[in-house]
1. Evaluate the relative contact order of the range C:1-141 (contact order divided by residue number), counting alpha-carbon pairs under 8 angstrom at least 6 apart; express in whole percent.
2. Compute log10 of I(q)/I(0) for chain D with the Debye formula, placing one identical point scatterer on every Cα and leaving out solvent, at q = 0.12 Å⁻¹, to two decimals.
3. What ranking of C:80, B:60 emerges when the number of other C-beta atoms within 10 Å of each C-beta is taken as an exposure proxy, fewest first?
4. Check cross-link reach from residue C:144 to the aspartates and glutamates: straight Cα distance under 20 Å, and skip same-chain residues fewer than eight apart.
5. For chain B, find the longest principal axis of its Cα atoms and tell me its angle to the long axis of helix B:131-156, 0 to 90°, nearest 10.
6. For chain A, place one equal point scatterer on every Cα, skip the solvent, and apply the Debye formula. What is log10 of I(q)/I(0) at q = 0.07, 0.13 Å⁻¹?
7. Using unit Cβ charges (K, R positive; D, E negative) and no other charged atoms, how large, in debye to the nearest 20, is the dipole of chain A about its Cα centre?
8. May I ask you to list the lysines whose Cα is less than 21 Å away from that of residue C:54, ignoring any residue fewer than eight positions away on the same chain?
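No lab work stands behind these numbers, since they all come straight from the coordinates. Note that the structure is a prediction, hence the values are computed from the model and not measured. Counting neighbours? That spans all protein chains shown, and the Cβs are built from the backbone with ideal geometry, glycine included.
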Amino acid sequence: MIHRIIKQIQRYKGWVGAGAAVCLLTGTYLGLIASPPDYYQGEVVRIMYVHVPLAHTALLAYTVVFAGSIWYLWKRDRLIDNMCHAAAGLGFLFTGLALITGSIWAKPTWNTWWTWDPRLVSFAILFLILAGYLMLRTFLTEDPDRESRYAAVLAIVGFIDLPIIHFSVEWWRTLHQPLSISTRGVSISGELLLPLTIMSIGFHLLFAYMLMVRTQLLYLDELLQAKKGRLLTQMHLSRSQTSP
Amino acid sequence: MSFIKAIRWMVWKDLITEMRSRETLVSMLFFALIVILVFSFSFSMDHQAARELLAGIIWVAFAFTGIIGLGKSFLAELHNDCLEYLQMSPAPKGAIYLGKMTANFLFMLLAEVVLFPLFIIFFNLDVVEEIWILLVVFLLATEGLAAVGTLFSALTVQIRAREVMLPVLLLPMVIPVMIAAVESTRGALNGEPFALYSQWFHLLGVFDLIFTVVSYWLFELILDT
Amino acid sequence: MTGLYIRWGIFVLLAIILSMLVVRHYEAQLATVSPSDLILSPSTGSFRVQGMVKSGTLKGDVEQGAVQFELVDDAAAIRVQYHGPPPENLRELKTVVMIGTWDATARVFRAHEIALVSNYGFVASAYLLTFIPIGVFLFSMSRKVVVLMQAIKDSKLYEPEG
Amino acid sequence: MIALSIVQLSKTYGHYRVLDQLSLDIPSRHCFALFGPNGAGKTTLMRILATLTRPSSGQFRIWGYDGVTEKARVRQLVMYLAHGTHLYDDLNAIENLRFCLALRGIIPSDSQIKRALDRVQIGPFGHMQTRYFSAGMKKRLGLAKAILARPKVLLLDEPYTSLDERGIAIMNAFIQETIQREGAVLMTTHDREHTRQVANHMGILHSGVLRTFPPHELSTYVVY
């Protein structure tokens, strides 16, 4: 059933990609040209239009990995596993970019590249967990079923751990020194909200599109490996054929 | 009752094996000793600075020591395919997990109990009054490390580059344990009132509870198909 | 494969057009003149001068929005008269961008607006560092999908998995 | 009574198919010998039946219990002697037996253990750590484990390798005993001479497909 649904979705893949492109181009236009600079932050507030959607998309990606992992452990569907793998790779990319853009935003605003803010630390740890997930998958390729199973377990543990990590880092920071700079989000006025919304939609569509492409890529890759394996086996068997 | 029995047999087997080979404990202790020495050379430890840094140093040493022990835990099962036997034996997988976790917990705790007096001597600590609080911190934090660590030890033992993968996967996950352990140890060593750092005990308790249960359920997926 | 390149070509073209629009939009705002340039070759019309407020020269009522001061760079200094909305962040020893006209006879720069010293470098690098990696990543993925499809079709034993 | 019934069992690694729609019934009091070239999927089949690997599709039942959904019951009934010896080097022979059987829920008495060790002729080495055992002795210790566990279905992966003539005789005697006890045996092997003595069903596994043949065709049929 799920295969049929995915086949249906794949049919509209092009539209999702086109939608993402349109949203991102309009969003960039609105964000860089049409919208006014922020009263307090000036021009650098324009970084928000990429940074915030990137962070949201990264969290969405990890949620997809988590939900997909549970689904895989339940149904043992190769395609779902490929989707988890794809989402983790994309989550890694988006988390990394969110950290980089956040750092670039922090420099002119707070005059520092990095601050030990709970959200930043949690994101950095999310980055590490996703890196570990991807490393685990690259080091464990002999048995695909085991690879997927172990990766799913890791994803579930990490997802449950993430709120606890965030919470503990928050406690730890408030205990040590009250934050000298407020890292809470800027109060968003209506003029800033429109480009932010469009960019957000754009990035989510982009994520959906990239997820489809990457899932397809991993699925096809596995299929090709299997095909090569089958060819080799046939050669091996034809050389040692049974004679009745 | 076969559940409890299976746990007991697992712990018995690990303890007997360890008694005969002394492989895990000896490597843990010597590694920790070297960590302590390297730290004391790296920071010039006068009395005041030591107080501030010490809690962190203690837990870094304990965590890395623990990782040495955890890494060896399932490596012993890999020899002669014993892991395969554990998998196909009718004993509940949860019992195998709990047995392994108990053994790891005991080894780590033993290492900590041996090492802590060394810290006291090397850094001139005065901990007579807070010794019970520190003991509770050690118990709770070690349980947390062992709960996640045993699961991850089983997870990484059958993959390539397992020596690297265990710390890479484990350390980000146990950050709450590390923070809580360091903060409460620091509080106890500085002689602060207990109420100031009692919140960390709650965090440790919650973490232990959640991850013992989660690992208990997930372990079956690691060992079983 | 051709279809892929065509689609990406269109997209890259659009992105280039957009970035040119952005550059054109900011070019006017980005161009500033320093006080020494202004003295050497006076310009006409409204333009932007960037410099530092010289210490001890700020006079007038900041609340009312009518102030005078000297704007300096490494080599030269000019006098500035500002009439406009009350400036938020006009202090001595601060780098500012003044928008206004040059009165060549009185040798005074009559400013009507204070702009922030902009950090377009940060904004530009954030956007580029976001979109270029994503674009490269996505392109290589799409390309690999096409290559893999071809490879699977070429292998003789192809049968779709049920 | 069917001891072991396999219905349309398939196993794919990723997308790569190792076993293809394999079906087989082994009644009780039967020993089935499985031949096949290297890489044919024999060990994979064994691992699936020992509940070490999950089949991709199809099912198998052991004494009526489903091999995927009722794993705990199946594991009580099945014993799998694999290539690995499943022994802890730091424990001695008796401790190894005790531990392994305890996980199966069996607590044998000292005299039972002694009798089992004597039967596989390693009685004097009961208190020796198994790290000093030779490969054949380890195999015999595994056999002693099976003797004490008295499984209803015995899975043997190349049982004769590294055993001497007397060891093979003990192994065959135990297979006979299992058969007499209403049990069933499935073994993979390349040793026709010794297999002939105990097996009363035979088959050859080739690229994931199984073909059965009567025992008297053994010498003519199996060439691979």
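1. Details: 202 pairs, mean separation 26.4, N = 141.
Result for the range C:1-141 is 19 percent.
2. -0.64
3. Working: C:80 24, B:60 14.
Fewest-to-most ranking of C:80, B:60: B:60, C:80.
4. Leaving aside aspartates and glutamates fewer than 8 places away in the same chain, those within reach of residue C:144 are A:81, A:221, A:222, C:154.
5. Its long axis makes an angle of about 40 degrees.
6. Normalising to I(0) and taking log10 leaves -0.32, -0.91.
7. On the way: 20 positive and 14 negative charges, 175 e Å.
Dipole magnitude for chain A comes out near 840 debye.
8. Within reach: C:94.
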